[in-house]
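The structure appears below as structure tokens.
Every number here is computed from the coordinates shown, using simple stated rules; none is lab data. These numbers come from a predicted model, not from an experiment. Here the Cβ positions follow ideal geometry from the backbone for every residue, glycine too, while neighbour counts run over all protein chains shown.
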Amino acid sequence: MGIKLLEVSDGRAKAMLEVTENHLNSAGTVHGGVIFTLADFAFEVASNSYGTLAVAINAQISFFKAVAAGVLYAEAKELALHPKLASYSIDVTNETGELIASFQGMVYRKKDMLKIE
């Protein structure tokens, strides 16, 4: 996909994607699945940032603006953190800060620690 992680801290993450021809749909704009994947990546990193395994149990996205070129950013922010559940909001913007999509996700926090190799 070409996604790059820019920042990570407890409950937060920021990632970016430089749009290429491979990311475009038949209408010539970035495919919704690409935008979802970018947001989902930031969601995954933010929700696992404490070192405890978190798995998605719900995710939804709303698209606001089509984009055909440039750079997209996904910024994940934790909304609520509990021992078993956590909620996140992820804004996808372009390089000028325009809102492209809004993603909401919830994770189930397992007791397992992440296995990093």
At q = 0.19, 0.20 Å⁻¹, base-10 log of I(q)/I(0) for the chain (Debye sum, equal scatterers on each alpha carbon): -0.92, -0.99
Subset of 4/84; 4/111; 4/77 violating a 24 Å alpha-carbon distance limit: 4/84; 4/111
Per-residue HN-Hα couplings for the range 71-79 [Karplus 6.51, -1.76, 1.60; θ = phi - 60°; Hz; x = Gly/Pro]: 10, 10, 10, 10, 10, 9, 10, 6, 9
Förster radius 22 Å - calculated FRET efficiency between residue 89 and residue 18 (Cβ-Cβ, nearest 0.05): 0.40
Relative exposure of 82, 23, 31, judged by other C-beta atoms within 10 Å (fewest first): 82, 31, 23
Length gained when the stretch residue 56-residue 9 is fully extended (0.36 nm per residue, less Cα-Cα span): 15.0 nm
In nm, spacing of pseudo-spin labels at residue 31 and residue 96 (7 Å Cα→C-beta vector): 2.7
Exposure proxy ranking, count of Cβ atoms within 10 Å, fewest first, for 61, 100, 90: 61, 100, 90
Burial order of peptide ranges 83-89, 101-107 (average beta-carbon count within 10 Å, highest first): 101-107, 83-89
Degrees, to the nearest 10: 32-47 long Cα axis against longest axis of the chain: 30
